[in-house]
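The values are calculated or read from the model by the stated rules, or taken from the named source; none is laboratory data. The model shown is predicted, which means the values in this text are computed figures rather than measured ones. No Cβ is skipped: glycine too gets one built from the backbone with ideal geometry, and neighbour counts run over all protein chains shown. Heads up: the accessible areas ignore ligands, DNA and RNA and are worked out on the full protein's heavy atoms, side chains in. Shrake-Rupley method; radii C 1.70, N 1.55, O 1.52, S 1.80 Å.
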Amino acid sequence: MRGGVFPELLRTAGESGDIMKFCIIGYPVRHSISPRLYNEYFKRAGMNHSYGMEEIPPESFDTEIRRILEEYDGFNATIPHKERVMRYVEPSEDAQRIKAVNCVFRGKGYNTDWVGVVKSLEGVEVKEPVVVVGAGGAARAVIYALLQMGVKDIWVVNRTIERAKALDFPVKIFSLDQLDEVVKKAKSLFNTTSVGMKGEKLTVSEASLKGLYLVYDVVYFETPLVSDAKRLGVEHVVKGNLMFYYQAMENLKIWGIYDERSFKEVFEEVLR
Ligand code: ATR
């Protein structure tokens, strides 16, 4: 992974004098911290680019996306648009496998979520079996990342079993009521759902959690799962802010405007 995943796209920050426009599209998107982060970064790096916010309801997506593609040099897509963007851009191979695009630059679509997962796990052994909770876009990025890392024994647990069965990856499928039972037999647990964002808990007993070596949550603030895992002494506990950090780094590399020092200063301060 070192050296970046998209080396062909790596340009030195500031090499091109263009002032570029970026944004995040989603629905809802008001809670997003991306505009503040990227604009702060541009300021710190002495760049004149801008990063805005476009709240696009699903029913107007097909018309609005054309405007976005014309108006902006690059953008990030978040829930619920990561899948639909695919049809309007030229997706990378990774994005095609994951069936989701979260980063666009001048008509090309990328998935940087999976890169964020891999980089956030540098130096951590992902012991198997691995349980992945969820089967949506975030789950597909996590599963793809795990497969790229050579992890083989992946058990997916999802509320809607049909959705898990539709995943195009070599994984075993379980229903949500089997969660505790499978976590008991596993070594690593990844939560890719929004469960925990409002303080809710996954139905995993403390005894099962305690037996884990790694707990990973894509939610970027501390969920009950993360705090319980820490309290119970799980050796590696990773929060989604780290995935977000590396995903953002990868976006800036794709856009050709990555400045390591400014990035580390701004993103470490804000995402801590
Ligand atoms: P994302 O792109 O963030 O993955 P998504 O595609 O909407 O978003 O997927 C959300 C995932 O979280 C799904 O696996 C969803 O389960 P379903 O397939 O049954 O909908 C899961 N999820 C969301 N809320 C949940 C809840 N309260 N309990 C259990 N699973 C939940």
Long-range neighbours under 7 Å by Cβ, at least six apart or interchain, first residue farther than 17 Å from residue 137 by Cα within the range 70-92, second modelled with pLDDT of 95 or more and assigned to a helix (DSSP H, G or I) = 75/68; 88/65; 88/69
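Could you say whether any residue in the range 201-220 is over 17 Å from residue 237 (Cα atoms) and open to solvent by less than 10 Å² (accessible area, probe 1.4 Å)? Outline the logic, then answer.
Just the residues of the range 201-220 that are over 17 Å from residue 237 (Cα atoms), to begin with: 203.
Now restrict to residues that are open to solvent by less than 10 Å² (accessible area, probe 1.4 Å): none.
Checking the range 201-220: not a single residue is over 17 Å from residue 237 (Cα atoms) and open to solvent by less than 10 Å² (accessible area, probe 1.4 Å).
I'd like the full set of residues that are within 16 Å of the ligand (Cβ to nearest atom) and open to solvent by 10 Å² or more (accessible area, probe 1.4 Å), limited to the range 139-159.
Applying the first criterion (within 16 Å of the ligand (Cβ to nearest atom)) to the range 139-159 yields 139-146, 154-159.
If the condition is that a residue be within 16 Å of the ligand (Cβ to nearest atom) and open to solvent by 10 Å² or more (accessible area, probe 1.4 Å), then 140, 144, 155, 158, 159 are the ones that fit.
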Residue 223 among the hydroxyl-bearing types (Ser, Thr, Tyr) and more than 20 Å from residue 79 (Cβ to Cβ) = no
key: Contacts under 7 angstrom Cβ, first residue in the range 195-220 being at pLDDT 95 or above, partner buried (at least 16 other Cβ atoms within 10 Å of the Cβ) and of a type in the set (Ser, Thr, Tyr), 6 or more apart   = 212/188; 213/188; 214/188; 217/223; 218/192
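Can you name every residue in the range 119-138 that is of a type in the set (Gly, Ala, Ser) and either surrounded by fewer than 16 Cβ atoms within 10 Å (Cβ to Cβ) or under 20 Å from residue 184 (Cβ atoms) (or both)?
Kept after step one, since they are of a type in the set (Gly, Ala, Ser), are these residues of the range 119-138: 120, 123, 134-138.
Scanning the range 119-138 gives 123, 134.
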task = Could you check the range 220-272 for helices (runs of 4 or more DSSP H) lying wholly inside it with 2 or more residues that are under 19 Å from residue 33 (Cα atoms)?
result = 240-254, 260-271
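Within the range 235-272, can you find the residues that are β-branched (Val, Ile, Thr), at pLDDT 95 or above and in contact with a helix residue (DSSP H, G or I) (Cβ under 7 Å, 6 or more places away or on another chain)?
Taking the range 235-272 as the starting set, the residues that turn out to be β-branched (Val, Ile, Thr) are 237-238, 254, 257, 266, 270.
Next cut, at pLDDT 95 or above only: 237-238, 254, 257, 266.
Within the range 235-272, 237, 238, 254, 266 meet the criteria.
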note = Selection from the range 160-177 of residues among the β-branched types (Val, Ile, Thr) and either in a helix (DSSP H, G or I) or within 10 Å of the ligand (Cβ to nearest atom) (or both) yields 160, 161
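Residues 109, 52, 116: which one is touching a Pro at 6+ places or on another chain (Cβ under 7 Å), open to solvent by less than 70 Å² (accessible area, probe 1.4 Å) and within 16 Å of the ligand (Cβ to nearest atom)?
Details: 52 fails: within 16 Å of the ligand (Cβ to nearest atom); 116 fails: touching a Pro at 6+ places or on another chain (Cβ under 7 Å).
From the options 109, 52, 116, the qualifying one is 109.
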remark   = Going through (1) within 16 Å of the ligand (Cβ to nearest atom); (2) in contact with a strand residue (DSSP E or B) (Cβ under 8 Å, 6 or more places away or on another chain) one by one, residue 99 fails only at (2)
ask   = Counting only residues that are touching a strand residue (DSSP E or B) at 6+ places or on another chain (Cβ under 9 Å), among the hydrophobic types (A, V, I, L, M, F, W, C) and in a loop (DSSP other than H, G, I, E, B), which one in the range 190-219 is farthest from the ligand (Cβ to nearest atom)?
value = 212
